[in-house]
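Right, one structure below, let's go through it.
The values are calculated or read from the model by the stated rules, or taken from the named source; none is laboratory data. Bear in mind that the values here come from a model prediction, so they are computed numbers and not experimental data. Cβ coordinates were reconstructed from backbone atoms using ideal geometry, including for glycine residues, and neighbour counts include every protein chain displayed. Heads up: the accessible areas ignore ligands, DNA and RNA and are worked out on the full protein's heavy atoms, side chains in. Shrake-Rupley method; radii C 1.70, N 1.55, O 1.52, S 1.80 Å.
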Amino acid sequence: MKRTLAAAALLLAWPAVAAAHVGSPDVFLDAQAGPYRVLITVRPPHAIPGVADVEVQSPANELSRVQIVPLPLTGPGAQFAPTADLAVRAANIPSLFTGHLWMMTAGSWQVRVTVHGNRGDGTISVPVPTLPQTTLAMTTPLRVLLATFMLLLCGGFVAIASAIAREGRLGAGETPGPAAVRRGRIAGTVAVLLTIAVVLLGNWWWAAEASAYARYVYKPLETMPSLAADGRLTLTLRDPGWIASRRIDDFVPDHDHLMHLFVVSLSLDRFYHLHPRRVEPGAFAQPLPDLPAGEYELFGDLVHATGVPETVTGRFTTAGVAGRLIDGDDSEWAGGRESVGAGLTRTVKDGRIVWDYDGMPIAARKLTVFTFRIENTDGSPADDLELYMGMPGHAVFVKRDRRVFAHVHPAGSAPMAAMQIAAGTIATTPHNHVAALPPAVSFPYGFPESGDYRIFVQVKRRGVVQTAAFDATVSR
């Protein structure tokens with residue numbers, strides 16, 4: 001194994017707002033619910049409590065009725081479902097059903113989907129992390145309206161209190177005298193003071209509640225990377241303080257690894273998929289492969305024992321690393337004229353990977369199934385594909401400015417560890433690109449916003465991981 005020839009020039013932690021995936025909070029699933037293939041999208045609310053949007057689509061348009069219900073992912077609540085809501089069939093898309101569900105607390109939830117059709121019923125559970133991202137802002141018109149109502153209420157209260165004290169003892173048609181006027185003024189002054197006190201106390205209570213919720217808003221785990229002289233990268237996690245139940249020593253394997261670390265150059269022309277080992281609670285280490293000098297960004301996928309996934313982020317600059325050879329499940333990719341550029345075909349070892357793209361504009365916030373064909377050099381279908389960490393393939397979607405990151409499998413964006421927890425409460429069968437003609441692999445995903453993206457696709461042939469990169473422009 002080669003060792004480092006040049007050490008890092010600069011290393012710094014770079015925390016970002018992250019959830020299950022950085023900037024990509026929606027959950028996508030391509031799965032079998034009984035005899036039916038369904039494509040499911042769950043858009044968690046940004047504020048908790050809040051309403052999640054659920055979309056269920058049957059590509060074969062076989063469903064007559066769809067029911068949805070939210071449940072905790074673990075614990076007794078996962079076994080006892082309340083009455084399910086009925087999803088509504090979309091008027092313009094008969095195969096699509098939509099619904100809305102309240103998510104009441106932060107943590108690990110599931111949306112249980114039950115479908116009905118001519119071939120019977122089927123049920124699938126979708127793991128959904130509910131991580132409050134922000135507070136709901138009050139619009140300026142609403143502020144003005146509420147302030148106007150408050151002034152009217154306060155003024156009315158003062159006027160009523162003053163009138164009662166001034167005229168409450170008078171007979172019919174009697175005019176208030178000096179004493180009555182004085183009583184009215186005193187009562188009005190007391191009412192003004194009382195109103196001011198109530199408004200101040202209300203403002204204090206509101207500020208206290210807002211401050212308490214601000215502490216409730218999700219704060220991602222912070223990553224402190226450090227690079228030793230021998231090319232060993234250490235990632236130390238720190239909890240900045242969020243909910244008391246979060247831990248940094250309860251991570252569970254996902255595809256046989258506690259962490260999936262993706263290291264990309266800022267230009268996205270270099271890509272590394274690595275698997276650091278835990279050296280102590282909250283700390284992971286990885287001997288790096290060869291890295292040219294430059295600045296790199298990292299994204300580390302982790303799954304808590306509760307089923308809540310988190311993606312930690314960081315950035316470091318190095319003067320160059322001559323490290324170990326890539327082996328095992330680790331992989332690397334370096335862009336070149338043959339491997340990245342215009343067109344839908346990418347040359348890889350012993351063949352090519354072709355994006356089966358119809359040329360239609362890709363819209364943001366719309367579930368799309370991305371299908372890639374694996375071919376031999378002569379264009380014939382590859383017949384030597386192997387599972388890569390238990391999956392037919394892996395895909396990573398990264399926005400050019402690196403503010404969006406998502407690690408997606410053929411079954412969707414939910415981590416398999418969370419899917420396995422959900423499977424403990426109900427039978428769950430991921431859909432592994434059954435609709436694609438072999439050898440091909442498909443990934444369900446919806447870009448969260450418009451912009452330029454790079455899609456890294458990984459498959460395994462004859463024990464070798466092959467990576468191809470495709471560029472996509474997403475419209476609004």
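Among the residues of the stretch 297-307, is there at least one that is touching a helix residue (DSSP H, G or I) at 6+ places or on another chain (Cβ under 9 Å) and polar (S, T, N, Q)?
Within the stretch 297-307, one or more residues are touching a helix residue (DSSP H, G or I) at 6+ places or on another chain (Cβ under 9 Å) and polar (S, T, N, Q).
Filter the stretch 295-310 down to the residues that are surrounded by fewer than 16 Cβ atoms within 10 Å (Cβ to Cβ) and assigned to a strand (DSSP E or B) and list them by number. Full working, then the answer.
Here is the first cut: in the stretch 295-310, the ones surrounded by fewer than 16 Cβ atoms within 10 Å (Cβ to Cβ) are 295, 305.
Selection gives GLU295 alone.
Considering every residue within the stretch 430-437, establish whether at least one is more than 26 Å from ASP121 (Cα to Cα), open to solvent by 20 Å² or more (accessible area, probe 1.4 Å), modelled with pLDDT of 95 or more and in contact with a strand residue (DSSP E or B) (Cβ under 9 Å, 6 or more places away or on another chain).
So the first thing to find is which residues in the stretch 430-437 are more than 26 Å from ASP121 (Cα to Cα), and the list is 437.
If we keep only those that are open to solvent by 20 Å² or more (accessible area, probe 1.4 Å) as well, we get 437.
In the following step, the residues that additionally are modelled with pLDDT of 95 or more were identified as none.
Checking the stretch 430-437: not a single residue is more than 26 Å from ASP121 (Cα to Cα), open to solvent by 20 Å² or more (accessible area, probe 1.4 Å), modelled with pLDDT of 95 or more and in contact with a strand residue (DSSP E or B) (Cβ under 9 Å, 6 or more places away or on another chain).
Taking ARG185, is it in contact (Cβ under 8 Å) with a residue 12 or more places away in the chain, farther than 30 Å from GLN57 by Cβ and either of a type in the set (D, E, K, R) or in contact with a strand residue (DSSP E or B) (Cβ under 6 Å, 6 or more places away or on another chain) (or both)? Write out each step before concluding.
On the way: in contact (Cβ under 8 Å) with a residue 12 or more places away in the chain: yes; farther than 30 Å from GLN57 by Cβ: yes; either of a type in the set (D, E, K, R) or in contact with a strand residue (DSSP E or B) (Cβ under 6 Å, 6 or more places away or on another chain) (or both): yes.
Taking the combined requirement at face value, the residue satisfies it.
Tell me, which strands (runs of 3 or more DSSP E) wholly within the stretch 162-276 include 1 or more residues that are over 27 Å from the mean Cα position of the chain (by Cα)?
Values: elements: 222-227, 232-238, 260-265, 270-274.
Strands (runs of 3 or more DSSP E) meeting the threshold: 222-227, 232-238.
All but one of (1) outside any loop (DSSP other than H, G, I, E, B); (2) closer than 19 Å to VAL263 by Cα; (3) open to solvent by 10 Å² or more (accessible area, probe 1.4 Å) hold for GLU375; state the number of the condition that does not hold.
If we test GLU375 against (1) outside any loop (DSSP other than H, G, I, E, B); (2) closer than 19 Å to VAL263 by Cα; (3) open to solvent by 10 Å² or more (accessible area, probe 1.4 Å), just (2) comes out false.
Evaluate the following for SER125: is it polar (S, T, N, Q), outside any helix (DSSP H, G or I) and either within 30 Å of GLN32 (Cβ to Cβ) or open to solvent by less than 90 Å² (accessible area, probe 1.4 Å) (or both)?
On the way: polar (S, T, N, Q): yes; outside any helix (DSSP H, G or I): yes; either within 30 Å of GLN32 (Cβ to Cβ) or open to solvent by less than 90 Å² (accessible area, probe 1.4 Å) (or both): yes.
Yes: the conditions hold for SER125.
Report yes if some residue within the stretch 311-324 is open to solvent by 40 Å² or more (accessible area, probe 1.4 Å) and assigned to a strand (DSSP E or B); otherwise report no.
Just the residues of the stretch 311-324 that are open to solvent by 40 Å² or more (accessible area, probe 1.4 Å), to begin with: 315, 319.
With the extra rule that they be assigned to a strand (DSSP E or B), the set shrinks to 315.
Yes, the conditions are met somewhere in the stretch 311-324.
Of all residues in the stretch 325-338, how many are over 16 Å from HIS257 (Cα atoms) and either crowded, with 20+ Cβ neighbours inside 10 Å or not aliphatic (A, V, I, L, M) (or both)?
Selection size over the stretch 325-338: 6.
State whether the residues of the stretch 33-40 include one that is under 13 Å from the mean Cα position of the chain (by Cα) and modelled with pLDDT of 95 or more. If you could, list the steps in order and put the result at the bottom.
Applying the first criterion (under 13 Å from the mean Cα position of the chain (by Cα)) to the stretch 33-40 yields none.
No, because not a single residue in the stretch 33-40 is under 13 Å from the mean Cα position of the chain (by Cα) and modelled with pLDDT of 95 or more.
Those residues that are buried (at least 18 other Cβ atoms within 10 Å of the Cβ), closer than 18 Å to MET224 by Cβ and not aliphatic (A, V, I, L, M), I need them from the stretch 263-286; list them, please.
PRO276, PHE284, GLN286
If a residue must be part of a strand (DSSP E or B) and open to solvent by 10 Å² or more (accessible area, probe 1.4 Å), how many such residues does the stretch 28-49 contain?
Of the residues in the stretch 28-49, the ones part of a strand (DSSP E or B) are 28-33, 36-43.
Okay, now just the ones that are also open to solvent by 10 Å² or more (accessible area, probe 1.4 Å), so 32, 37, 39, 43.
Selection size over the stretch 28-49: 4.
Kindly provide the set of residues from the stretch 463-476 that are closer than 15 Å to ASP329 by Cβ and outside any strand (DSSP E or B), ordered by number.
The one that is closer than 15 Å to ASP329 by Cβ and outside any strand (DSSP E or B): GLY463.
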